[in-house]
C-alpha cells in the first residue's frame, strides 16, 4: 500500500447522495492509537467506484479509508482488520509481511473472527467441563 500523496479530511455523518445510510459498526472505531500515532478511520462511498479498491491504509495522513457501500457489513469489518494489519506491520517496519497480501488477509481474518466471537463476562477464571486443556495442563480422569 504505497500511498504517500493523499490527505483525507474527516467525513461529516450524512446520508450520501445515492441514498445509502452512513455505515455503522460497533467493531470499527472512528480512530485508535497505534505506536503513539492516532489513526483516523473514514468511509468513502466512491473508493471502489473511482479506484477499484475497498480499503486503504494511508500512512502519510495516518488514516484508514474504507469503501462504505460495496461490501456487506461483515466484509467491511473484516476489511477494516485487513487495513489495521497493514498499519501494525508498517509500524513494526515489517515491509515484506506488510506487502504480502495473502499473509495480511489471513491474519486479518483471524483477528476479525476473534473479535466478533469474543465472549464478555464477569472475568471469572473458572473453567468449563468442555474447555480443552491449556498448554502445560492435563485433564485428569477421576
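The values are calculated or read from the model by the stated rules, or taken from the named source; none is laboratory data. As the structure is a prediction and not an experimental result, all values here were calculated from the model. No Cβ is skipped: glycine too gets one built from the backbone with ideal geometry, and neighbour counts run over all protein chains shown.
Select, from 110, 43, the only residue that is surrounded by 18 or more Cβ atoms within 10 Å (Cβ to Cβ) and out of contact with any helix residue (DSSP H, G or I) (no Cβ under 6 Å at 6 or more places or on another chain). The conditions single out 43.
Listed by position, the strands (runs of 3 or more DSSP E) inside segment 20-83 whose residues that are without any contact (Cβ under 8 Å) to a residue 24 or more places away in the chain number at least 2 are 31-34. With respect to the stated conditions, residue 68 is surrounded by 15 or more Cβ atoms within 10 Å (Cβ to Cβ), under 16 Å from the mean Cα position of the chain (by Cα) and either at pLDDT below 95 or closer than 22 Å to residue 32 by Cα (or both). Among the residues of segment 88-133, write down those that are at pLDDT 90 or above and assigned to a loop (DSSP other than H, G, I, E, B). Passing the criteria: 92, 93, 94, 99, 100, 117, 118.
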